[in-house]
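Below is one structure, written out as structure tokens; comments come after it.
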């Protein structure tokens, strides 16, 4: 998960980012309008945490600009106001959820996970997004930065299996049985999977697929 925190309170934002990183989440902070705009354009984020009391821009305008650049990003508001009218305004705008200050970091993380799961339910059967990569099961294609990446059948099937089991370390045995539909002891020491993992890294990014102790592979 990639997270951008847009918050002008430096202590809060830095501590929040430190907490998210400790939970193996890529997180960055933006303290001003110029920095936020630069990062929003240059990077893909799964979740944006947005303070509604920004001194340099109205939060509605920030939400609007975020949605114009990335329609699928999840926006969670940070606020010290929580009347029914406020809540209706937030949820009727471009945000997906809200957290009232002061809050526990664990609560915010739970809401982040919940909104990602909730909004992915309707897409999970046809579209999987991992950072700047899209796996379109309906069109049987993989896109990076909205450009189609040419794949062989085995490359596509291998990436699909890893993507559908994101965050799970998959063994060589599991991969051979699922992608190659066969397995023998000899496969445990074969370099076939390593070669195809290399193909995927070359086409989609070196850091995309992790290797664990030489026998397990996963996408975070």
Is region 105-117 home to any residue that is within 19 Å of residue 204 (Cβ to Cβ) and touching a helix residue (DSSP H, G or I) at 6+ places or on another chain (Cβ under 7 Å)?
no
Of the residues that sit in region 146-155 and are modelled with pLDDT under 90 and exposed (fewer than 10 other Cβ atoms within 10 Å of the Cβ), which one is nearest to residue 181 (Cα to Cα)?
153
Here are some residues: 138, 64, 101. Which one is at pLDDT 75 or above and more than 26 Å from residue 39 (Cα to Cα)?
138
Given (1) modelled with pLDDT of 85 or more; (2) surrounded by 15 or more Cβ atoms within 10 Å (Cβ to Cβ), where does residue 54 come up short, assuming only one miss?
(1)
Just the residues that are outside any strand (DSSP E or B) and touching a helix residue (DSSP H, G or I) at 6+ places or on another chain (Cβ under 9 Å), please, taken from region 1-15.
1, 7, 15
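Tell me, which residue of region 177-217 that is touching a helix residue (DSSP H, G or I) at 6+ places or on another chain (Cβ under 7 Å) and modelled with pLDDT of 85 or more is surrounded by the most Cβ atoms within 10 Å (Cβ to Cβ)?
Filtering region 177-217 for residues that are touching a helix residue (DSSP H, G or I) at 6+ places or on another chain (Cβ under 7 Å) and modelled with pLDDT of 85 or more, the one surrounded by the most Cβ atoms within 10 Å (Cβ to Cβ) comes out as 217.
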Considering only region 163-174, I want to know if a residue exists there that is modelled with pLDDT of 90 or more, within 25 Å of residue 116 (Cβ to Cβ) and outside any strand (DSSP E or B).
yes
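The values are calculated or read from the model by the stated rules, or taken from the named source; none is laboratory data. Because the structure is a prediction, the values reported are computed rather than measured. Positions of Cβ are generated from backbone atoms using ideal geometry, with glycine treated the same way; all protein chains shown enter the neighbour counts.
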